[in-house]
1. Only one of these conditions is not met by Ala37: (1) surrounded by 11 or more Cβ atoms within 10 Å (Cβ to Cβ); (2) over 16 Å from Tyr113 (Cβ atoms); (3) out of contact with any His (no Cβ under 6 Å at 6 or more places or on another chain). Which number is it?
2. Step by step: first the residues of the stretch 92-119, then only those that are open to solvent by 80 Å² or more (accessible area, probe 1.4 Å) and in a loop (DSSP other than H, G, I, E, B), then the one that is nearest to Ile21 (Cα to Cα). Which residue is that?
3. Would you check if Val26 is outside any loop (DSSP other than H, G, I, E, B), among the hydrophobic types (A, V, I, L, M, F, W, C) and open to solvent by 40 Å² or more (accessible area, probe 1.4 Å)?
4. Mind checking which pairs have a first residue in the stretch 99-116 that is at pLDDT below 95 and among the polar types (S, T, N, Q) and a second that is open to solvent by 50 Å² or more (accessible area, probe 1.4 Å) and in a helix (DSSP H, G or I), Cβ under 9 Å, 6 or more apart or different chains?
5. Can we say Arg36 is among the charged types (D, E, K, R), over 30 Å from Met10 (Cβ atoms) and in a helix (DSSP H, G or I)?
6. Every residue in the stretch 10-23 that is of a type outside the set (Gly, Ala, Ser) and open to solvent by less than 90 Å² (accessible area, probe 1.4 Å), please.
7. Please pick out the residue among Val74, Val58, Val48, Val65 that is open to solvent by 70 Å² or more (accessible area, probe 1.4 Å) and either within 22 Å of Gly105 (Cα to Cα) or over 15 Å from the mean Cα position of the chain (by Cα) (or both).
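The values are calculated or read from the model by the stated rules, or taken from the named source; none is laboratory data. Keep in mind it's a predicted model, so treat the numbers as computed, not measured. Cβ placement follows ideal geometry from the backbone for every residue including glycine, while neighbour counts extend to all protein chains displayed. The accessibility values were calculated without ligands, DNA or RNA, using every heavy atom of the protein model including side chains. Shrake-Rupley method; radii C 1.70, N 1.55, O 1.52, S 1.80 Å.
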Amino acid sequence: MENRNLLRKMLQSGGAIFAGIAVGIVLSLGTDMLLRAAGVMPPLGEQVAGSLLGVATVYRTAYGVIGSYVTALVAAERPMLHSLVLGFLGLWANVAGTVATWNKGPEFGPHWYPIALIL
């Protein structure tokens with residue numbers, strides 16, 4: 001019986017973190033797509049102006065906070081711990097993205113952009 005409760009708690013925790021990740025990704029990519037469709041941002045693969053990357057930094061940060069809030073709401077226990085785990089996962093995803101795209105070309109934007117996302 002205790003193993004079943006432990007498994008249930010682990011699945012709830014994973015689900016809470018996944019919900020926050022999904023919210024952040026859907027909001028970020030959805031906003032990107034809307035801005036591209038509206039002609040505000042250039043198509044994928046083209047260089048984006050620094051001012052637009054500043055706007056993207058702001059809304060991606062806000063969406064990260066919203067995702068953390070969703071994680072805390074969905075978590076059955078210890079909501080702040082779950083939000084912190086989500087934050088650390090986001091941090092490491094941004095670090096990995098920065099390392100993978102550093103000096104890969106102008107379509108990835110200036111170096112300040114991924115550093116701003118990390119911070």
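1. Checking Ala37 against (1) surrounded by 11 or more Cβ atoms within 10 Å (Cβ to Cβ); (2) over 16 Å from Tyr113 (Cβ atoms); (3) out of contact with any His (no Cβ under 6 Å at 6 or more places or on another chain), the one that fails is (1).
2. Of everything passing the filter in the stretch 92-119, Leu119 is nearest to Ile21 (Cα to Cα).
3. On the way: outside any loop (DSSP other than H, G, I, E, B): yes; among the hydrophobic types (A, V, I, L, M, F, W, C): yes; open to solvent by 40 Å² or more (accessible area, probe 1.4 Å): yes.
So Val26 passes the test.
4. Thr101/Phe108
5. Criteria met by Arg36.
6. Filtering the stretch 10-23 for residues of a type outside the set (Gly, Ala, Ser) gives 10-12, 17-18, 21, 23.
Answer for the stretch 10-23, where residues must be of a type outside the set (Gly, Ala, Ser) and open to solvent by less than 90 Å² (accessible area, probe 1.4 Å): Gln12, Ile17, Ile21, Val23.
7. Details: Val58 fails: either within 22 Å of Gly105 (Cα to Cα) or over 15 Å from the mean Cα position of the chain (by Cα) (or both); Val48 fails: open to solvent by 70 Å² or more (accessible area, probe 1.4 Å); Val65 fails: either within 22 Å of Gly105 (Cα to Cα) or over 15 Å from the mean Cα position of the chain (by Cα) (or both).
After ruling out the rest, the residue left standing is Val74.
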